[in-house]
Structure formats: structure tokens, C-alpha cells
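Comments concern the structure below.
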Amino acid sequence: MNFSAELRLAHARQLSRRWFLRDCGVGLAGIAAHSLLAKDSAAPSPSAVPAKPTSNPFAVKAPHFTPKAKRVIYLFQAGAPSHLELFDPKPELTKRDGQLPPAELLKDYRAAFIKPNSALLGPKYKFARHGQSGIELSELLPHTSKIVDDLCLVRSMQTDAVNHAPAQILMNTGSQQFGRPSFGSWTLYGLGSEGAELPGYVVLTSAKGTSGGASNYGCGFLPTVYGGIPFRGTGDPVLYLSNPKGIDAPAQRASLDTLHRLNELALAEAGDPEIAARIASYEMAYQLQTSAPELMDLSSEPPHILELYGIKDVKESNYARNCLLARRLIERGVRFVQLFHEAWDQHGDLTKAIKKNTEDTDRASAALVTDLKQRGLLDDTLVVWGGEFGRTPMVQGGNDGRDHHNRCFTMWLAGGGLKRGHVHGATDDLGFNVTQDPVHVHDLNATLLHALGFDHTRLTYRFQGRDYRLTDVHGEVIRALFA
Amino acid sequence: MSAYEQHALCAVPPSMLRHAHLLVLSASLFTFTAAFAAPTATPVDFAREVQPILAENCLHCHGPDAKDRKAGLRLDTREGALKGGKSGVATIVERKPADSELIARISSTDEEETMPPPKENKKLTAAQKDTLRRWISEGAAYTSHWAFTAPVKAALPISSSPAIGNPKSKILNPIDAFITAKLPSAGLAVSAPADPATLCRRVFLDLTGLPPSPTDVDAFAAAAAQGLAPAVAALVTQLMASERYGEKWARVWLDAARYADSNGFEKDLPREQWAWRDWVIHALNRDQPYDQFLSEQIAGDLLPNPTQDQIVATGFLRNGMLNEEGAIIPEQFRIEGVVDRLDCIGKATLGLTLQCAQCHTHKFDPITHDDYFGIFAFLNNTYEAQSWVYTAEQQQQIAKLKNDLRAVDDRLKKAEPKWAEKFATWENQLLADRGKTTWIPVVAAETGSTSGLNHPVQLADRSILTEGQPSTRGDIFVITTPDLAGATGLRLEALCHDDLPFGGPGRSLYGTWAISELEVTSQLPDSTKWEKVALHNATADFSESARTLEREWDAAFDKEQRRTLGPVAFLVDGNIDTAWRADRGPGRRNTDSVAVVQFAEPLAFPPGTKLKFLLKFHHSGDDNGRHNCMLGRCRLSLTTAPDPRAAPVDYAALLSLDTPAGQRTPRQSDALFTAWRASDPALKKFVTQADALWKKFPAAATSVLHLAERSPADTRTTRLLERGAWDKPRHAVAPHVPAALHALPVDAPADRLTLARWIADRRSPLTARVAVNRVWQSLFGTGLVDTPEDFGTRTPVPLHQDLLDWLAVDFMENGWSQKHLVRTIVSSRTYQQSSRATPAQLARDPRNQFLARGPRFRADAEVVRDLALSIAGLLSPKLGGPSIFPPIPENVLSYNYGKVTYWDVPTGPDRYRRSLYVFRKRSMPDPMLSAFDAPNGDFSCVRRIRSNTPLAALTGLNETIMVEAAQAFALRLWREGGATDADRATHAYRLATARAPRPAERDAVVQLVAGSRARLRQGELKAGDIAFSSLTRPTDLPADATPIDLAAWTIAARVILNLDETLTKN
């Protein structure tokens, strides 16, 4: 390699480090400037003063106040897991199996498919107390049960939507209507990203495609750079990562060196800073061609870690592998990792299907928390586990299914300054309505943003003449969830 | 020296800056506006200076929304401000800032007193406070918001700036007059014109979205040497005559119209809507006046004698998403659809954030909650229709067919002079017979489907309509407690409805249906058991002969093809594999039908017995319900008459009897005449002739989703929805528009056409401005108003309001001609400037608001892809037609909620069609186009944001079509690029950037080729792998080329396709 090529490589390496941090959105300058954190003068903490004005959309920014959590791993269980088989023990429902629900419960009630006056269905699995906290969990969750003292269980979740696509969109973007930015996008917009070589918001998927589709992790009206980037379990981990057939690494480097040189000549001629950004984007692409496969290659993980997550074949793409990848991503500075596992829509065949789902997910979800904890990452990482709504206490489809239910469901949170071994909220004896401390989707999102250091009413973006936020015009921070 | 060249000036030399009244300019418009005001003694300008302060800081609580208004104080009107709030203290006392509560409050340091309240996190600057103080002392004049007052043409400014050079020169283009007038204040001056090659490419990209060929560039350069202005004018004329013009500009409107090729939401089934897309292309190509362009899209169906094209145009408002998830309540998502239509109209035509008033009165703009539903009401009284779209030839063919059918009737009337008497006798007999049987419609106590996936609802006329998810297989049922003893028969009417495909009565791809089985069960009072009620003696007005199912309904569950269909007896034969179908064939299939079945024994149940009627559908094909055979609208009735039967008369004719003879529509009269003709064996000859003609009825090329106005009998009342929630209807709201805008025409009917005409009205303060701004944004990258979706009170007076208004008026004065508008802009020196940015320009005006240099920005996603295809010589010129399926990675395609079975990627020329024709699947944004920021059509998008990411870089380098383009580009260079690598490098640059490479550029390319060739020769790289795709073969090579040559050039071509300059409109 001659000297100039050496120099160029060094330059490229330097650029790539700054890449996602600085250059990849020069054109976005004024957009972010007058929206985010523009009103920080009244913020309670000195850290709320924004970093100096910059054109970099990923520059690390200080939130409104000292955050508990710096990053998020969101384990989205799409299709809506049954709280009654997993998290919310209901002996009374067992007793009333086959009976009709009380008429007063059904006033103004709307299920998705079934007639409200369908018979009650007793939980299909047994519950037992676990850990020092003595929290009751289902026998379907042997691994989650072991980490229950690290969990903050919210049994009083509520949502507005009873159909999958709108409910998933609501959970992820704070609106049933398509077109709003996802939680991950807001986080990236608000905090920037520490990951120099990887995107700030990475999406990992298992099972089938979600009802909400790409909008679940979209950027809505925020600049495109804040959208979630899927890392794929099969084929290229990042789309078009592989060179065309026949192009080896030296040919790629030679091509990019030429491109770099030609674009530099154009920059000198035209003087447009966008050209500098373009040069940097190609160098980062080159860097990503190395860093993404390295990230996805689990062969460097020790056997006990693979065992912990229950990964048998490191090449097989599944939920367990995604959980381990999530840890690897945040270790590399990625701000927000979101897993989507669309598999929980048990209108029928509940007993068998939910068992399969928990076999696929329980061990790895728990392993992730354990792994983060043993690496000292749990304290400032927020882990969220949950779907878009719950399931009816009433039966659907013969005697082995449950319909959509938006009045209550359970999610769990871990890390990020939240209480551990804690249960928040309660539902009635049938798991039908919340009886204590309801937490609406907007409240959850307000609380999660709070953990990240944001006043959810002040993390805004001006669009169509209005200051939009993740929580729309709603949301109360649930302070009781914090330790 | 041409007049143009005399104006070719560079940036102002630094020495000159010392003399200019310079302001420090920031990129922020707010800062700019404020800075403008600071040093002068001129009176405060309410619109520019005060209104933005009020809008940003006060109106959220003291604005138009009375419901949430704090302290009863309103500051968006002068009246309100003078009156003050509930406290009775005058908020503003004219000319007395010291007595004005407003000043006291904004100056207060008391946390309880100070405004805006500390919790709002808003703080006025000292300058802003001073502005308000001075404004009050000058009399606190209010003017209405700039964008709510109709635009006028201001006098063109006479430039006096010394920087403009020759003061005697006339500025030819008004745009330049406005632009140059402001440049001195920013210490800027006009840039030199772009060199002819760059300018030629710019005009090509802007007018057609495609690059010029080297020949085009040479021709333009030669013409420009004779005179730039005529050369540009000629080029514009040439390109505007090209069909490519409409394709390029259609994309802009398609974004605004949220066009996509799938329905969205979970199911995201494909839809056919490309006829509407093609309509847009043609409308732009023929430069349809923009006011008509809008009217036809909003209400083409309501124009007198609408053409097929005008119906297709109304597809605009049906481009939104459609939720077909199983558990939906169709009405909820119908309402959401109307909300989406308002949002689209607001953004695309009015530049108003209408959606802000869906839940409450707008916080900033004068749009009340009632106003929102006033506009909603114009759009609410509609069917969501679907119609066939025929080609021009087919339309002629149909017209001829109808003529021929009339001729048959004429021959009949000639052959049978007494036809009128006979017809009347027949009609009277029919009426009399019909009167013998009384049918009592079933009143549903419950409707549903066993699976819960389908949601039939009973309408006022007792018919039952099923919308929402079309199931592959399934059923619908109706439960009733009839107050009727001794029922002998059940009548099932299959009825048309305009919410169904092609009017129904079915929900299939043709609006047809097939009922596999009709079952009746009964449940005695106090029983939970349903007992079967025996049925027999089915009769119908029409049935097909027994036949097997057409192949398109093949289903995995019926591999043995057991299923048959035909006679009405199949309805009650206890065999799910047989179905009654009454498809009368193309042109006649979307019509009503009837069947009557008898109870084996007259019903004799105790009072309170429930009857359940179940219609089973088992004759569908696979494919997520697209090939369903469900009945969309039906009505069930019971009778006690003995031996009830369906008359063997076409049911549409029988229904036509309900309308008195004089009032029948032609369709009704036709139905009766045809039925009579069929009833008389003596007329069989004519029936045979007519049937033969009908057999020639063409199968439509495609269909379109569109809006249709509801029939008067079916009028829908609009109600205000509390907090915008679909299930909280409150008081009725009549169609109306916000009072702050221009008035509706007096005495106009309260329908969609009136709304359309109101929007496309010369009196509208917004419509033309919004259109002009959108075109400006496309050409310059940023609009004159940089929030094209919002011209409301939160939008400060734009820097170039005078120019925007001048262009808006000029646009209307020139017949709303978009081509005139584009030509005006492209002819300006402002547009033609070099885009080269000097450090001084970058420092003074980083965002190029003052336009002292030409536009330079990365091309839109579609243009990026089209550029590569054009440069490679691969682009297919085919215009319009069904969207094409681009190659996408399997890991994207397989990750859909519903399996995508229709993604047939073409391997022929269609593979390389323009990106406009790439299939847009909403839940799976096209990976190539979305990497370059193309929106996916979920909602109206009038402003794309341009990003610059490594993902786009990877796409440019490695995406399948890009790689194939690089290979084809190499081949092209070898064929036509000359004899040496240096020649080829030059040709490559000219194809990609329109200009010849500088020596250093040429050498770099040649070096890459040489280096690659060396490695190829040494066998380090495989030439065949690099140079050829799975679709090309080494045998395609020119005689003098080796695979090694091509591979080396493929590597270089890939680089050139990814040059910043290639991707950029320069």
C-alpha cells in the first residue's frame, strides 16, 4: 500500500468514527435547531442546557434533567400476549371457568371478535410465587421467574385500540394514526447516539412480520435519520451490505478511494458541504461492511453466554439470538434497540401456542436482564417487555382461545432506575378491568421518557404548525415506578 | 456580450460590505425577521413582527379555541385584546403601553403574574417586549394574517443596488427583480449563470426527471452560445412537450395525494389504483388548468355527464389507507378515512393544518371545531366506490355495443308494432302477481359471522351490508325473533350497493358472489340448542347452469376441485361444495338477484323463538380474501303465502316496478323492457341477438377506487364528533367553510363539487400560493414558505412574500397553467445561476434563502434510480400501466404480516421502468427508494426531507438494479465511448454529469480501470462475476470487448453512478 492510500485509509477511519456522530445529516441543520430543547432555559438541571448548536443530528445531547437510563432495549411482543396465562394470576377465573361474565362488566365493552357474553375461560397454566419479592408468575416463565426480583411488573396497562395495527402503532408512536415518530426515533432525536460505527436505533425481528409494519419503528415526520434500521437475521444484516458478486475487499477499497478522490475534487469546485457529508457517508458505509458482520457474528461469545440465552446454533436467526445481539448493540453505543416478535395472537390453540411462544422467548428475555446486570449495564439500561394489548378472560373459538382485550394487560420493565421486584397496579378477580393504578400507554411512554431524562411535554418537534410529542396531549409520569 | 452575461456577477467583494447596512444573519428565519426590525424607526409591522410573537407565545391559551381559552382573554383579535379577559382589565390600551396589562404581564418578574407562565417554558426576549411596547404605542393595529388575505401582484422593485452592475439594464424576469432587490441587504449579489452543460442537465432533471444525452448537451451549448435566453426557452418548450414531463411532476402530486399500491394496515392487500396515477400524468402533460385539476379530483363524479376520466380523477381522495383487519368496526375506519381526506386536502391544496381542529377548535388558526366538521360534511356524504376503467378503444367498443343493442330493440319494435300494449299488459300482470305475496323483511336482533371476522350491519331498509375484511371462506348470519306464525318461505335478495366493488352485490374482484349454502336454524325460548329448519323448493330469478369453478378461484383446501356452482337448488342441497351463483357475465353481472326457498313445514314455533339465517361462502380462492365470493348486501324476508316462488323475471326489473313508470331511470326502464322481451317466446330471436352482443362486452383493463355521492334516499348526516372520536357523535353540522376564508358561492348546493369549486377559486387566499410554493420547492429544494403544509398563523411572513404572491396571481391570470409557472421560474436568472457556493455566501446565507446562488441538492429517490437506469441506457420508456415489482431482498419480502404471493419481478424491459411505476407497498417501504427518503404513502407528504446516510451509500453501491445499471453502463461505454479508456472516462462523465471530466478526474477513473484490469488479468478477480448479472450473458459482448474489459469498466461505472454530482441536481 502506498503512502497516499495509507493516509486515505487513516482519514477514512477517522471519518468513520465521527460519522454517525457528526456528518451524516448536514442538510438537517435548521430543522432540529428550532425544535428540540429550544426552551431549556427553565429546565431544572444545569445539564439541560443543550450542547452547542450543531448540524449533526446524532450529536450526543443532554436531556432535560439527569437521566436514570441512557439507552433502551424494547422487547416488543407483537400480537398481544395473554396476561392471564403469564403474569396476572386469577384463581377466581379458574373457579368461574365456563360461566358467563357478570353483566355489569360488559356494559359498553367491545371485544374484537367475540360476543361479550361468551363464557369465561380459566387460565391454562399455574402460577407460583418467586424470589424474595414473592411475585406470582406463570409456570410458563421459569426463567423470568428467576429474575423476578429485578423486574418492575405493571399489571394495570391500558390502551385505546383493539385491533393489532392501530394498537401497535399506538404503543410505539403514541397515536393510532400512522405517520408519527416511534419512541425509538424520539429517543434518538432527543439524546443523539453514542455509537460511532452503528446506527443509533436498531430493529431486530423474529417470528413473522408485525401488523403495524415498518411504521412501528418509523421516524414519522422526524428526519429520516432517526428511523429504526432493521438488522436482519438472514441475508445481509443491513440491506445491501454485501458488495456485488465478484467485488472483493481490495476492489471495494479501490473503488471507494476513487470515489472519495472524485468527490473531493467536486467539493473543491462546488463548495457544497453536502459533498463532504456524502464522502463521509460512503466511508461509513465501508466501515459498516465490517462492523455489522462483526456485530452479528456470535462466534466470539463464550459458550456459557450462549447457554444462558439458550442459543444452540449461532447462525440461526431467532428471538434468543436477537436478545444477545441487543446486548452487543448497546455495548457498542447504540441508543435504542427494539425487538419485534409477532407471535402472540392466540384466538385459538392457546394452550399449545403460548407454551411454544414462551419456550421461544422466556429464557432469552431473562438472560438479557441477567447478562446486562452482570456487566453493570442494567442500572442505566431500560428494558421493556410487552405487547399492544391483553386478552379476554372470555373464551374464543371453542375452549382454547382468547380475544383482544384493551382494558388491562401486563408489561414488565427492568433497569433504568426503576423499582425492582415490584408490582404496580392490579386488576379485578377476572383480569378484566384495572382496579388500581391504571397505566395508559401515554403514561407508560411519559414514564419511559422520564427515565431517559425528558419532560415528555417538552420533547417536541414542530410540524404542521404544532409542537408534536410522543404523548400527544396526554400522559402522566408514574413516579411510583422509580426506585 | 448578451444582456444576460452583463448580469453575470460574482459575490460582493469584501470592500463593499463595509458600506452596506449589514445585519448579522443567521440561518433562522425568526432571527432574521427580528433583526430586520431592530434598527429602524419605521412603524411596527403587525404581520411581520407582532403576529409571530403572539402566535408562538400567547395564542395557545388566548387564541381562537374558546373552550380552552384562559381567563376569557383572546389575543388573536384586536377586539378581544382591547376588551381584555374576565378580570375586566384592558389587556391593551391603545397608544398607552404603560396602562396595558399585556405589557405589565410580560414585564413582571412575579411568577404568579408573568406571562407567558413559567411552566410553558416560553420566554420573550427584550427585543420582542420592545416590539410589543412600540406596537401598542403606535396604536396596536391588527392586520389579518398574511396568508388569509388574497395575494396581489406588487409592483416590481426597481433595483438600486450598486452590486447589480449595469444600472441601465432591464431585469427581464420579475422573479429576478424581487430576488435581486433583497440581495444587497444580505451583502450578497447574483452569481454567474451556470455553465451550459450544468444548466442543461438542471433543466432536464427539473422538467423530466431524466438526464440529457451528450447530444442534448451539445445542442443546448451551441444554442446557448447564440443566446442563453432563447436557448433555454427552446429547451423548455421541447421538454414540456415530452411525456416525461408529466411523469416527473406526477411524483410531486403523488406524494401529496399519498398514492400507494396497497391498502396499508395489517393486511396491506394490493390495490389497483394506477389508473388514477396515469390520469395525473396525462393531466400534467396536457397542462390541465390547476383549478380543474383540483375540481375533478375532488368532485369529478359530480360534474355534468362525467367522463370515465373524471371519475378516475376522484380516485385522489381514495388513495388513503384501508383497514381490513378482522376485528375492525368498518364505521370507525370509514371516519378515519374521511379524516385522512381532510388532512390531505389541507396539506395539498390549502396549506392549512385542518387536522388540528378534529378534536377541538384550532389553537392558532381561525378554524373552529364546527368548521372542521363543516368541511367534513362535504366529504362525508359519499360511497367508497370502485369502478372499472376501460381503455379508449374499449370505451368505443362499449359505445358501439350499446348502439347495437338499441338497434336490436328498434328491430323488435318494428317487427312487433303492438309491443307497447303487450309490454303494458305484461307489466300489469307482473304487478298483480307480485301483489299476491306479502314479504315481511327480517328485523335483525343480531348480525355477525361465526368467525367474528366479518361485520354485517342492518341498514334502514332492512338490507344487510357487509364491509371490512373480505374472508377467503366464512359466513354471515342474522338472528331474529319473528313475530310471525306460519311462515312458508324465505326470500333472499342479493342487492347492489355503491360501497361494494362495482356496485356489488358481491364482494369478489368482480363484485360477484356465490352462496354455498343457506341454513336456517331455530332456538326455542329457554333453550340453548339450535335446531335445523328443513328447506326445499328453491327458486330464483336467474341461475347459471351447473359448472365447475373457474381456475382463478382455485384454493388449497379444494385440491380435488370438488366445488361446483350453478342452480339455485345448490343453495339448500346440504352440500357445501355446491353453490348458487347468478353471474350474468361482463357488463351485466353487477345486478340484483333473488331466491326464494320454502320451509318444508310452515313454521310453528312458540313466541320468542329465535331464527338464525346463515349464509355460507365456500367458493372463494386463496390469497387473503382477495378472491372471496361473499355477498355484500342482502335482505331476508318471510312470507305466509302458500307456495312462494321467485318470479322468473330479472330481479332488477321487478325492483324497477317500485318506481312509477314516468319516473324510472333509463336503467330501470331498460331492465323492464329486457325482462319483458325475455318473457315472450315469440321474441326469442331478439334475445339471442342481444345475448350475442353482450358476449362481446370487453373485460376492463383495470379499476379505480373513487368517491361517489350518496343517493338522496341514502343521505348521511354529519355530526360533530366529540374530541374527534368516531363513536361520540354530537350535534348535526351542515356543510360550511371557515369564516376567515373566502365565502362559499351563494345558493350553491351543499355538495362536494361546491367544496371543490371553493378550493379552486380565484378568491382563495391559499390555493394558488400553495401550488406555486410546491413548484418552487421542487425546483429550489426549499419553498418560499418552508412549511408547505402550513401557511397558518404560526407561519411568519416569508422573506419573499412579494415574489410568492406575484407568482400566485400570475399563475391564476395565466389560466392556472403549471407549465407557464414552471417556465416563468426556469426562465429566471435566479434559477439559472451557478450553484457554486463561495465561503462568503455560505457564511452569510448557509440555507440559500436569499438565492444568490443556484439550487444544488441531492435528487429525489426516484430520480436517483432513473438517473442510473438512463445513464446505463436501460430505462424503459413505457408510459403508464400497472406498477412493476422491483427485485427486493428475500429478507425484506418474507418479513410481511401477510404472505406476498404476487411479487413477480420482471426480467424483461419492465424491470427497468421509471421509478414512478415501482409498486408501493405501504407496510414494506421500497428498500431502494426509502433509503433516499421516498415516503411510503401512509399519509399526505408535501415536503420530503433529504438525508445522507451510509444506508443510502450502500444502496447506491450494491442494490440489484444499481449493480445491473453499472454493468450495462460499462457495456454502453464500450460500445459508444471511443477507443481508449480516457475516451470512455470522458463519455462516462458526460453521460452521468453532462460535463466532460477535468483531467484529474479522468485520470482517476482511468487509473481505477487499469488497476482493476491488472487484478482481473492476474485472476484475483473473476471477470464474469463482475460484468454479468443473472440476466445477461458473456455472449452479448461487442466483438472487441473481453469480459475483463467489461468487468474493469463495471467497477468504474459503479463509482461514477455514485458520484455526488451524479446523484445531485447541480
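Can you report the number of residues in region B:442-463 which are assigned to a strand (DSSP E or B) and under 12 Å from residue B:615 (Cα atoms)? Within region B:442-463, residues that are assigned to a strand (DSSP E or B) and under 12 Å from residue B:615 (Cα atoms) number 3. Residue B:890 meets all of the listed conditions (1) within 14 Å of chain A (Cβ to nearest Cβ); (2) crowded, with 19+ Cβ neighbours inside 10 Å; (3) among the charged types (D, E, K, R) but one, namely (2). Which count do you get for residues in region A:148-207 that are more than 12 Å from every other protein chain (Cβ to nearest Cβ) and among the charged types (D, E, K, R)? Total satisfying the criteria: 4.
Out of A:244, A:237, one residue alone is in a loop (DSSP other than H, G, I, E, B), modelled with pLDDT of 90 or more and more than 7 Å from chain B (Cβ to nearest Cβ). It is A:237. Could you list all residues from region B:348-375 that are of a type outside the set (A, V, I, L, M, F, W, C) and assigned to a loop (DSSP other than H, G, I, E, B)? Result: B:351, B:353, B:358, B:360, B:361, B:362, B:363, B:365, B:366, B:368.
Among the residues that make up region B:416-439, is at least one of them free of Cβ contacts under 8 Å to residues at least 24 places away in the same chain and under 45 Å from the mean Cα position of the chain (by Cα)? There is no residue in region B:416-439 that is free of Cβ contacts under 8 Å to residues at least 24 places away in the same chain and under 45 Å from the mean Cα position of the chain (by Cα). Against the conditions (1) touching a strand residue (DSSP E or B) at 6+ places or on another chain (Cβ under 7 Å); (2) more than 20 Å from residue A:160 (Cβ to Cβ); (3) within 14 Å of chain B (Cβ to nearest Cβ), residue A:86 satisfies every one except (3). Quick check on residue B:68: is it closer than 29 Å to residue B:369 by Cα, touching a Cys at 6+ places or on another chain (Cβ under 8 Å) and modelled with pLDDT of 50 or more? Judged against the criteria, residue B:68 is a match. At least 1 residues being closer than 30 Å to residue B:405 by Cα is the threshold, and among the strands (runs of 3 or more DSSP E) wholly inside region B:652-756 those reaching it are B:702-709.
Identify all residues within region A:158-180 that are surrounded by 24 or more Cβ atoms within 10 Å (Cβ to Cβ), outside any helix (DSSP H, G or I) and at pLDDT 95 or above; write none if there are none. Within region A:158-180, A:159, A:174 qualify.
For residue B:833, the conditions (1) in contact with a helix residue (DSSP H, G or I) (Cβ under 8 Å, 6 or more places away or on another chain); (2) surrounded by 23 or more Cβ atoms within 10 Å (Cβ to Cβ) all hold with the exception of (1). One residue stands out among those in region B:360-414 that are in contact with a Cys (Cβ under 9 Å, 6 or more places away or on another chain) and within 14 Å of chain A (Cβ to nearest Cβ): the one that is farthest from residue A:468 (Cα to Cα), which is B:367. Selection of region A:247-257 for residues being under 21 Å from residue B:961 (Cβ atoms) and facing chain B (nearest Cβ under 7 Å) yields A:247, A:251, A:255. Within region B:242-276, track down each residue that is more than 17 Å from residue B:336 (Cβ to Cβ), within 14 Å of chain A (Cβ to nearest Cβ) and out of contact with any strand residue (DSSP E or B) (no Cβ under 9 Å at 6 or more places or on another chain). Once the filter is applied, which keeps residues that are more than 17 Å from residue B:336 (Cβ to Cβ), within 14 Å of chain A (Cβ to nearest Cβ) and out of contact with any strand residue (DSSP E or B) (no Cβ under 9 Å at 6 or more places or on another chain), region B:242-276 yields B:255, B:256. Counting only helices (runs of 4 or more DSSP H) wholly contained in region A:258-371, the ones carrying 2 or more residues that are within 14 Å of chain B (Cβ to nearest Cβ) and under 30 Å from residue B:842 (Cβ atoms) occupy A:273-296.
The residues of region B:93-129 that are without any contact (Cβ under 8 Å) to a residue 40 or more places away in the chain, closer than 22 Å to residue A:458 by Cβ and more than 12 Å from every other protein chain (Cβ to nearest Cβ), listed by number, are B:106, B:112. The listed residues are A:410, A:435, A:427, and the only one of them that is among the polar types (S, T, N, Q), more than 14 Å from chain B (Cβ to nearest Cβ), surrounded by fewer than 23 Cβ atoms within 10 Å (Cβ to Cβ) and under 23 Å from residue A:167 (Cβ atoms) turns out to be A:435. Of the helices (runs of 4 or more DSSP H) entirely within region B:957-1066, those holding at least 3 residues that are at the interface with chain A (Cβ under 9 Å from one of its Cβ atoms), within 27 Å of residue A:269 (Cα to Cα) and out of contact with any strand residue (DSSP E or B) (no Cβ under 7 Å at 6 or more places or on another chain) occupy B:999-1017, B:1043-1057. If residue B:465 meets every condition in (1) surrounded by fewer than 19 Cβ atoms within 10 Å (Cβ to Cβ); (2) in contact (Cβ under 8 Å) with a residue 24 or more places away in the chain apart from one, which number is that one? (1) is the only condition that residue B:465 fails. Residues of region B:492-549 that are β-branched (Val, Ile, Thr) and in contact with a strand residue (DSSP E or B) (Cβ under 6 Å, 6 or more places away or on another chain): B:512, B:515, B:520, B:521, B:533, B:539, B:548.
Exactly one residue out of B:198, B:180 is touching a helix residue (DSSP H, G or I) at 6+ places or on another chain (Cβ under 9 Å), modelled with pLDDT under 95 and of a type in the set (S, T, N, Q): that is B:180.
Taken together, the residues in region A:448-483 that are polar (S, T, N, Q) and either away from chain B (no Cβ under 13 Å) or closer than 18 Å to residue B:354 by Cα (or both) amount to 2.
Among the residues of region B:272-314, those identified as part of a helix (DSSP H, G or I) and of a type in the set (S, T, N, Q) are B:285, B:292, B:295, B:297, B:308, B:310, B:314.
Among all positions in region A:201-216, there is no residue which is in a loop (DSSP other than H, G, I, E, B) and surrounded by fewer than 22 Cβ atoms within 10 Å (Cβ to Cβ). The set of residues from region B:183-231 being without any contact (Cβ under 8 Å) to a residue 40 or more places away in the chain and among the β-branched types (Val, Ile, Thr) comprises just one member, B:215.
The values are calculated or read from the model by the stated rules, or taken from the named source; none is laboratory data. None of the values given here were measured: they were computed from a predicted structure. For neighbour counting, all protein chains shown are included, and Cβ atoms are generated from backbone atoms with ideal geometry for every residue, glycine included.
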